[in-house]
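K.L.:
Let me give you the structure first, and then I'll get to my questions.
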Amino acid sequence: MLRDITIGQYYPSNSIIHKLDPRTKLMLTLVYILSLFIFQNVAGFAVVTVGLVLIILLSKVPIGYMVKGLKAIVIILVITAVFNLFLTPGETLVVFWKLRITKEGLKNACFMTVRLIYLILGSSVLTLTTTPNQLTDGLEKSLKPLNKIRVPVHEIAMMMSIALRFIPILIEETDKIMKAQLARGADFESGNLVKKAKSMVPLLVPLFISAFRRANDLALAMEARCYHGGAGRTKMKPLKYKSADGVAYLVMAGYFAAVILVRRFF
Amino acid sequence: MNFIEARKLVHEYIRRDEDDNVESILTALDEVDLDVRQGEFVAVLGHNGSGKSTLAKHLNVLLAPSGGTLWVDGKDAEDADNLWEIRQNTGMVFQNPDNQIIASVVEEDVAFGPENIGVPTSEIWKRVERSLKSVGMIQYREHSPNRLSGGQKQRVAIAGVMAMEPKCIVLDEPTAMLDPNGRTEVLDAVEELNRKKGVTVILITHYMEEVVRADRVYVMDNGKVVMQGTPRAVFSQVDTLKSYRLDVPQITLLAHELQKAGLKVPQGILTRQELVEALCQLY
């Protein structure tokens, strides 16, 4: 069960999207998310759909693989749809008992659901085509200006990449502790919610202790290898913009303009 | 001057209560003298709590001495200006392979050290390739460390240290968490670095079999160096070693028992081959 976590999952391939600079992809994702909240009618929806489908096709990631990621948010989707459907005031279409469905409600529900689905699909293209390392590198470089207002950008990026490195290790450890506690008669399955939460204590305490011990060891190992923050550090794989990135930025500008124009004139 | 020179090195772990009063003092190192020449393979042997790990951490200036002097590569370890230079020159490999690998790709982890000391990008690539080759892990350069065996991870950790081009590596019980195969893998890699590249090696361990490969052995007990010499000289004193709760290698023990039983076997036999030859000469 714990192995199904898909955060930061990467789908290896050598598509054009995979080869883009992570900074470009971050920017593209940001603009894409903005555009999701700009479109308001069917024409805008069409433009965004074309954009999304194009990117997915270019990334060579199988659609089925991406749709799997939607499973996690099905409940959120349903709740959003239901709330929008019944709670939006406006012109009444149908009345069931005390519940009223309005024309605006129907429209809102549809658009919100589509927006959420597109949001997940679009941002999963980013994580599926970018390795966690590239992603943190990209973040570090893009956020560098924040250094001037004393945001420790390098340190944050370093923490992120270490966290990503330790996720599988800690999951494995949780599994081990769980089995060890089960062997001693612990019961993680039965009982109500409160009882279940309580039964997690013998799992979490050893996990935390071991995580702190690991952190301590790791800090020592990093210091022994001369780590002293971001100052004077070089990179094995420095980020460099290529011509494909220029094209991507142009396409992005065109797409964004199209979304805005469609909103104004249709 | 020797590469490492420790004179009367003392380290005390001081435990304080909430009001900063000293509650108890644990002397982990008690006037330790240590001399290691450039290119030597030295093993430090000791039971748990003998102070051997504390000693290792001093060599990399991860801990500062409470007393005495320590010179590494002709530099005073107590001078803060020398800190990074010493850490670069004496790399350190720890016990748990998982807790010292920083990156999620093997080659990026090996590059971590050189990145920290500001080596230019093209040089980093060369160093990564060279050090991965020297521990026989080049074919795994793009793998995730999570998929490697313990011995392989530990070799990656050694490569990570080698990429900083140190003159000396200190290995703090590098094989304690490995299976016998992994153990031989790691020790073979270390021995090769020592013999072929002339890297000074300080191996901290409590496995007797590993010590046989060293040029010289220090035995520690209760924070003190209690014995030193070649493996042969040290292992010939089976009874003294036992008093420090250390076992000699099985083959040495067998030779020792045979000798006690009246056979004329020489002292300090280290390998099966030696014992076979000694026995054959008897008759």
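K.L.:
Whenever you get a sec, compute what percent of the accessible area on chain B sits on carbon and sulfur atoms (1.4 Å probe).
P.N.:
Numbers: 5860 of 12600 Å².
Looking at chain B in its full context, I get 46 percent from C and S.
K.L.:
So, with +1 on the Cβ of K and R and -1 on the Cβ of D and E, and no other charges, what is the size of the charge dipole of region A:12-106 about its Cα centre, to the nearest 20 debye?
P.N.:
The calculated dipole for region A:12-106 is roughly 280 debye.
K.L.:
Let me ask you something else. Rounded, prolate or oblate: which fits chain B, taking a ≥ b ≥ c as square roots of the Cα gyration tensor eigenvalues, rounded meaning a/c under 1.5, else prolate when a/b beats b/c?
P.N.:
Note, shape of chain B comes out oblate.
K.L.:
A further question follows. On a full-extension model of 0.36 nm per residue, what is the gain between B:Glu257 and B:Asp239, subtracting their alpha-carbon distance, rounded to one decimal in nm?
P.N.:
Working: separation 18, 0.36 × 18 = 6.48 nm, distance 1.11 nm.
Length gained, B:Glu257 through B:Asp239: 5.4 nm.
K.L.:
So for region A:194-266, what percent of the C-alpha to C-alpha distances run longer than 21 Å?
P.N.:
Of all Cα-Cα distances in region A:194-266, 68 percent exceed 21 Å.
K.L.:
So if I take the centroid of the Cα atoms in region A:159-220 and the same for region B:47-66, what is the distance between those two points in Å?
P.N.:
If you average the Cα positions of each part, the centres end up 30 Å apart.
K.L.:
Would you jot down the residues in region A:93-141 that end up with at least 20 Å² less accessible area in the complete protein assembly than in the chain alone, with a 1.4 Å probe?
P.N.:
Those residues are A:Asn133.
K.L.:
Distance cut-off 28 Å, Cα to Cα: go down the list A:Lys25/A:Lys68; A:Lys237/B:Lys52; A:Lys25/A:Lys107; A:Lys148/A:Lys235; B:Lys196/B:Lys224; A:Lys19/A:Lys235 and report the pairs above it. Walk me through the intermediate numbers first.
P.N.:
On the way: A:Lys25/A:Lys68 22 Å; A:Lys237/B:Lys52 38 Å; A:Lys25/A:Lys107 31 Å; A:Lys148/A:Lys235 21 Å; B:Lys196/B:Lys224 32 Å; A:Lys19/A:Lys235 18 Å.
Long pairs (Cα-Cα over 28 Å): A:Lys237/B:Lys52; A:Lys25/A:Lys107; B:Lys196/B:Lys224.
K.L.:
Using 1/(1 + (r/R0)^6) with R0 = 25 angstrom and r between the beta carbons of A:Asn216 and B:Asn181, what's the FRET efficiency to the nearest 0.05?
P.N.:
So, using R0 = 25 Å, E works out to roughly 0.30.
K.L.:
Calculate how many DSSP beta bridges within chain B are antiparallel, expressed in % of all such bridges and rounded to the nearest 5.
P.N.:
Counting only bridges with both partners in chain B, antiparallel ones make up about 55 percent.
K.L.:
Separation of region B:129-197 and region B:100-118 by C-alpha centroid, Å?
P.N.:
After rounding, the separation between the Cα centres reads 14 Å.
K.L.:
To continue, here is another question. Can you tell me what share of the DSSP beta bridges in the protein assembly as shown is antiparallel? A percent to the nearest 5 is fine. Before the final figure, lay out each step's value.
P.N.:
On the way: 26 of 45 bridges.
Taking every DSSP beta bridge within the protein assembly as shown, about 60 percent pair in antiparallel fashion.
K.L.:
On the protein heavy atoms, probe 1.4 angstrom, tell me the percent of accessible surface of chain A carried by carbon and sulfur.
P.N.:
Ligands and nucleic acids excluded, carbon and sulfur give 71 percent.
K.L.:
Kindly report, to the nearest 10 Å², the accessible surface of B:Trp84 as traced by a 1.4 Å probe over protein heavy atoms only.
P.N.:
90 Å²
K.L.:
Can you give me the orientation-averaged projected area of the convex hull built on the Cα atoms of chain A, in nm²?
P.N.:
Details: hull surface 82.9 nm².
If I average the Cα hull's projected area over directions, I get 20.7 nm².
K.L.:
While we're on this one: Give the average, rounded to an integer, of partner chain Cβ atoms located within 10 angstrom of each Cβ in B:115-122.
P.N.:
Going residue by residue through B:115-122 and averaging, the value is 5.
K.L.:
Still on this structure: Residue by residue through B:99-110, how many Cβ atoms from other chains fall within 10 Å of the Cβ on average?
P.N.:
Average neighbour count from other chains, rounded to a whole number: 6.
K.L.:
Select from B:Asp20, B:Asp188, B:Asp33 the residue whose mean-square fluctuation is largest in a Gaussian network model of chain B (Cα-Cα springs shorter than 10 Å).
P.N.:
B:Asp20
K.L.:
Using only the heavy atoms of the protein chains and a 1.4 Å probe, how would A:Phe83, A:Phe212, B:Phe41 rank by accessible area, largest first?
P.N.:
Per-residue accessible area, sorted high to low, gives A:Phe212, A:Phe83, B:Phe41.
K.L.:
Per residue, how large is the accessible surface of region A:1-148? Use a 1.4 angstrom probe and give square angstrom. If you can, show how the numbers build up before the last one.
P.N.:
Values: 8590 Å² over 148 residues.
I get 58 Å² per residue for this part.
K.L.:
Along the charge dipole of the protein assembly as shown, Cβ charges K/R +1 and D/E -1, which of B:Val212, B:Gly67, A:Ser161 sits furthest on the positive end?
P.N.:
Ranked along the dipole, the leading option is A:Ser161.
K.L.:
Determine by what factor the alpha-carbon radius of gyration of region A:70-111 differs from 2.2 N^0.38 Å, reporting the quotient.
P.N.:
Cα-based Rg divided by the globular estimate yields 1.21.
K.L.:
Let me check against my output: what whole-number percent is the relative contact order of region A:125-254, with C-alpha pairs under 8 Å and at least 6 apart?
P.N.:
That works out to 23 percent.
K.L.:
Right, something else. Taking the Cα centre of region A:189-240 as the origin, how large is its charge dipole in debye, to the nearest 20, when only Lys and Arg (+1) and Asp and Glu (-1) carry charge on their Cβ atoms?
P.N.:
Values: 10 positive and 3 negative charges, 58 e Å.
I would put it at about 280 debye.
K.L.:
Taking a probe of 1.4 Å, how large is the accessible area per residue of chain B, in Å²?
P.N.:
Result: 45 Å² of accessible area for each residue.
K.L.:
Do you know which residues of region A:221-266 lose at least 40 square angstrom of accessible area in the protein assembly compared with their chain on its own, with a 1.4 angstrom probe?
P.N.:
A:Ala221, A:Glu223, A:Ala224, A:Arg225, A:Cys226, A:His228, A:Arg233, A:Thr234, A:Met236, A:Lys237
K.L.:
What's the total accessible area buried between chains B and A, using a 1.4 Å probe, rounded to the nearest 100 Å²?
P.N.:
Details: alone 13990 and 17710 Å², together 28740 Å².
Roughly 3000 Å².
K.L.:
Let me ask something else about it. When only the heavy atoms of the protein chains count and the probe is 1.4 Å, how do B:Arg245, A:Arg263 rank by accessible area, highest first?
P.N.:
Final ranking, largest accessible area leading: B:Arg245, A:Arg263.
K.L.:
Using a 10 angstrom Cβ neighbour count of at most 15 plus a DSSP loop assignment to flag exposed GluC sites (Glu not before Pro), which longest range of chain B is free of such sites?
P.N.:
Result, exposed sites excluded: B:143-283.
K.L.:
If you take each beta carbon of peptide A:157-170 and count the beta carbons of other chains within 10 angstrom, what is the mean?
P.N.:
3
K.L.:
Once you order the gyration tensor axes a ≥ b ≥ c over the Cα atoms, which shape class does region A:37-178 get: rounded for a/c under 1.5, otherwise prolate or oblate by comparing a/b with b/c?
P.N.:
prolate
K.L.:
Just by accessible area at a 1.4 angstrom probe, what is the order of B:Asp109, A:Asp137 from largest to smallest? Don't skip to the answer; put the middle values down first.
P.N.:
Details: B:Asp109 0, A:Asp137 35 Å².
From most accessible down to least: A:Asp137, B:Asp109.
The values are calculated or read from the model by the stated rules, or taken from the named source; none is laboratory data. From a predicted model like this one, the values you see are computed outputs, not experimental measurements. Counting neighbours? That spans all protein chains shown, and the Cβs are built from the backbone with ideal geometry, glycine included. The protein model used for the area step is the full one, side chains on, heavy atoms only, and it has no ligands, DNA or RNA in it. Shrake-Rupley method; radii C 1.70, N 1.55, O 1.52, S 1.80 Å.
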